[in-house]
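Working notes, structure below.
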Amino acid sequence: MKRYLALAALALAATALSFADETTEIYQMLYQQAQGLPEKHAALLNLVGLGDKSTAPILASALDELLLSGQRYSAPGEQELYGSTIRVVAQALGDYKYESAAASLWEAAQSVPDTLAQAEAIMSLGKMRALDYAERIALKLQSLNLQPTMDRDQGEKLAYACVIALAKLKDPRGFAPVFFAAEGWYSQRVRQQAAQALPDIAADPTDPIKDIIGHETIERKIRALQAESDSKAEGPRKIETAVLALNLGHLQQGRDRTEAKLLSDLRKLALRMLIINKDSGADAVSGGLASYQKGFDDEERLLALQALGVNGSDPAATALRDLILQLNSDQKSGIADETRNRMAKAAIEYAALTKNKIVKPSLMAVSIDDQWSSGIIVAAQAALKAMP
Amino acid sequence: MKRSLPCLIFTLEIVALLFASCATKAPPPAQASAPPPQAAPAQPANPTPAKVAKQRTVERKVPVLVKESSFYPDGLADEYIVYKLDDAKKNVIEKDVYDASRPDPIQRVVSDFKDGRLASESVFESDGSLRSRRDLAYDTSGLPAQETIFDAKGKPQSSSAYSYDASGRKAEWKALDASGSVKAVSDYAYGSSGLVGVEMKDSGGKPAGRIELEYADGKLAKRSYFGADGSLQKFESYAYSDGLLATVEYRGADGSLVSKTSYSYGPSGELVKAAESGPSGAPGEYTTYEYAVRVDDSVETYYE
């Protein structure tokens, strides 16, 4: 067995090595000797075809040389070859993660007439995770998002490359442009790629998302909040975003029923996020209470009660106590209906969740009021038993 | 990583064959003819009956590379390569390179085989357009003799011509330009362990550099690169564990470590991971390899 192992190792080493590295040396030399674009193109094809990382420095200097000599190639055939050569070199530099070439790649992305070569240069910046260029790529995409380019196809290609690059860079500055690209003027291919990239574009996209929630349309607020919910941001960051959305969702008045429904959708999503992330702070209590009192529908009101119950803080328990006492008082006054009963039962059950003594008086009041149905009284008694 | 892929695939097959798990597929069938006397094992001194040669079919499980995934140092997926094999799982007919975040291949390499040998390899860009094609021609011994690179329009770009010594080892490589003029020549020298040196010359026959290979216990231990002026440029050191290549250290002329690649293997000796690290030892990118299993049948003679 040992003999076989040794043979195998020899095969592994010898086979992989003897046919590769002199080729690298020779093709590097041939590139240095090459005269004119066709010869350089041929030499670079060979060099790149080797897939050898150690060729990155010479490829970078080749890119610089090509960028300097770009104006020499004005004939259509030459321009095509020039673009194709830049594209091949740019891709290889990205593959090899040769960050020293980042400045040249950015220059290629700006100045080379060939769109595919520009796009390749942008993607290579992403591939090598050249963070210094994250903002510039984000701004480029932001600018492309604004309106269709004269040549739509060119704009699409560049936007696609920016999305790919920003997805690799994983920088929060890339979030907003990719977010807007997902609903931009582009074809489905670009929009889909942007939508797919969004959840992973930054570990914590909270800041750009809060910015979108603060300034954009209700539909975008909802999409942004959903993106925050789907993101890898920590719970407290998701909670602060949900609180912002909940409060803004109450501040803004719907101009019609459709808009009121959208605002309710925003608030419901925020309430769900508060529940899932087990919010226990005081900031969301007023918004939760407002959703209970002025909610668009019963679903929102029930979610608000649940969020208050899960919260369990003194302010949340106080809010639950007060609203249960109010319901109890209404009941005593003969104001009763099926919806109120449903809300009362939910409020009592979520009050039990708080395990906070503050809610006790309201539960006791319900438990001894025989005007309530037996189901609600039993719920109140059970909730009291759950109290510490 | 890409440079050595074709070699690596070939190598993995060798490695896999050597490590192939063997299982007897069927009971040994009776052999009609007696073994030739010289092939029979030495007979014991006691008067036991002579052993008879029999044959049996042996099943060998050979891992064949089907996927290669590369990752950033933090574990984020970078790209992956899917190898499509022919029905017999012997040849890679297509290599699709994917960016981990994109649904379509960013590059495809399609191979054509003729008479069981690689005849051409075409590289396609992400938009489906042809980037280049490489055609291979073989000599009468079946060894690669000519290799020509064509551009997207089918125009020859450059070519290579290979010649071999009597043992079938590569003796010379000529790099030619599109017009067929020799641009560089490499001569190969061999010792008892294998290739020991490569002399590179330019089109005028002037030295362009050389590579020296040193062996220890029959295994490659060091490879050094020298410039045209004869000065050492860089070198690589190879270390082994359990007979398998464990690390390759890439060093500058002054001996300073530039980078290091460590290799891990699976139970059949197949390469499963190659991890790079920087001069300070900080982890770098890494690549993992996945395999399918090919079952090869072969007839084995044994004595009973």
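What to note about this one:
- Selection status of A:Leu10, farther than 29 Å from A:Leu144 by Cα and either at pLDDT 95 or above or in a helix (DSSP H, G or I) (or both): yes
- Residue in segment A:249-267 that is in contact with a Ser or Thr (Cβ under 8 Å, 6 or more places away or on another chain), assigned to a helix (DSSP H, G or I) and within 22 Å of A:Leu353 (Cα to Cα) present: yes
- Out of A:Ser54, A:Ser61, one residue alone is at pLDDT below 90 and either more than 7 Å from chain B (Cβ to nearest Cβ) or closer than 17 Å to B:Ser132 by Cβ (or both). It is A:Ser54.
- One residue stands out in segment B:275-304 among those that are within 23 Å of B:Asn91 (Cβ to Cβ) and of a type in the set (Gly, Ala, Ser): the one that is farthest from the other protein chains (Cβ to nearest Cβ), namely B:Ala292.
- Across segment A:94-131, the number of residues qualifying as outside any helix (DSSP H, G or I), under 17 Å from A:Glu65 (Cβ atoms) and either within 14 Å of chain B (Cβ to nearest Cβ) or among the aromatic types (Phe, Trp, Tyr) (or both) comes to 2.
- From the options B:Leu232, B:Leu220, residue that is surrounded by fewer than 18 Cβ atoms within 10 Å (Cβ to Cβ) and either within 27 Å of B:Ser262 (Cα to Cα) or at pLDDT 95 or above (or both): B:Leu232
- The criterion of being more than 9 Å from chain A (Cβ to nearest Cβ) and on the phi > 0 side of the Ramachandran plot holds for B:Gly230.
- A:Gln91 meets the conditions (1) surrounded by fewer than 21 Cβ atoms within 10 Å (Cβ to Cβ); (2) within 14 Å of chain B (Cβ to nearest Cβ) in every case but one. The failed one is (1).
- Residues considered: B:Val248, B:Val258. Of these, the only one that is within 11 Å of chain A (Cβ to nearest Cβ) and over 29 Å from B:Val66 (Cβ atoms) is B:Val258.
- Criterion (in contact with a Ser or Thr (Cβ under 9 Å, 6 or more places away or on another chain), at pLDDT 95 or above, within 24 Å of A:Lys127 (Cβ to Cβ) and loosely packed, with under 15 Cβ neighbours inside 10 Å) met by exactly one of B:Pro283, B:Pro279: B:Pro283
- Verdict on A:Leu144 being more than 14 Å from the chain's Cα centre (by Cα) and among the hydrophobic types (A, V, I, L, M, F, W, C): yes
- Within segment B:198-211, being surrounded by 16 or more Cβ atoms within 10 Å (Cβ to Cβ) and in a strand (DSSP E or B) holds for B:Val198, B:Glu199, B:Met200, B:Lys201, B:Asp202, B:Ala208, B:Gly209, B:Arg210, B:Ile211.
- As a summary of the residue check, A:Tyr160 satisfies the conditions (1) within 14 Å of chain B (Cβ to nearest Cβ); (2) assigned to a helix (DSSP H, G or I); (3) in contact with a Ser or Thr (Cβ under 8 Å, 6 or more places away or on another chain) except for the one numbered (3).
- Residue check for A:Gly174: farther than 22 Å from A:Ala304 by Cα and not in a helix (DSSP H, G or I): no
- From the options A:Leu93, A:Leu81, residue that is free of Cβ contacts under 8 Å to residues at least 40 places away in the same chain and of a type outside the set (S, T, N, Q): A:Leu93
- In segment A:214-231, the residues that are not assigned by TED's automatic domain parsing to the domain that holds A:Arg272 never reach a residue that is part of a helix (DSSP H, G or I) with C-beta atoms less than 6 angstrom apart, at least six apart or across chains.
- Boolean, A:Ala224 is surrounded by fewer than 22 Cβ atoms within 10 Å (Cβ to Cβ), closer than 30 Å to A:Glu156 by Cα and among the hydrophobic types (A, V, I, L, M, F, W, C): no
- Odd one out for B:Lys95 among (1) more than 20 Å from the chain's Cα centre (by Cα); (2) within 29 Å of B:Pro283 (Cα to Cα); (3) crowded, with 19+ Cβ neighbours inside 10 Å: (1)
- Between A:Asp200, A:Asp171, A:Asp153, the distinction of being more than 23 Å from A:Ala130 (Cβ to Cβ) and acidic (Asp, Glu) belongs to A:Asp153 only.
- Of the criteria (1) surrounded by fewer than 18 Cβ atoms within 10 Å (Cβ to Cβ); (2) out of contact with any Phe, Trp or Tyr (no Cβ under 9 Å at 6 or more places or on another chain), which one A:Ser291 fails: (1)
- Condition check for A:Ala270: assigned by TED's automatic domain parsing to the domain that holds A:Ala347 and assigned to a helix (DSSP H, G or I): no
The values are calculated or read from the model by the stated rules, or taken from the named source; none is laboratory data. Please read these numbers as outputs of a predicted model, since none were measured by experiment. With ideal geometry, Cβ positions are generated from the backbone for all residues, glycine too; neighbour counts draw on all protein chains shown.
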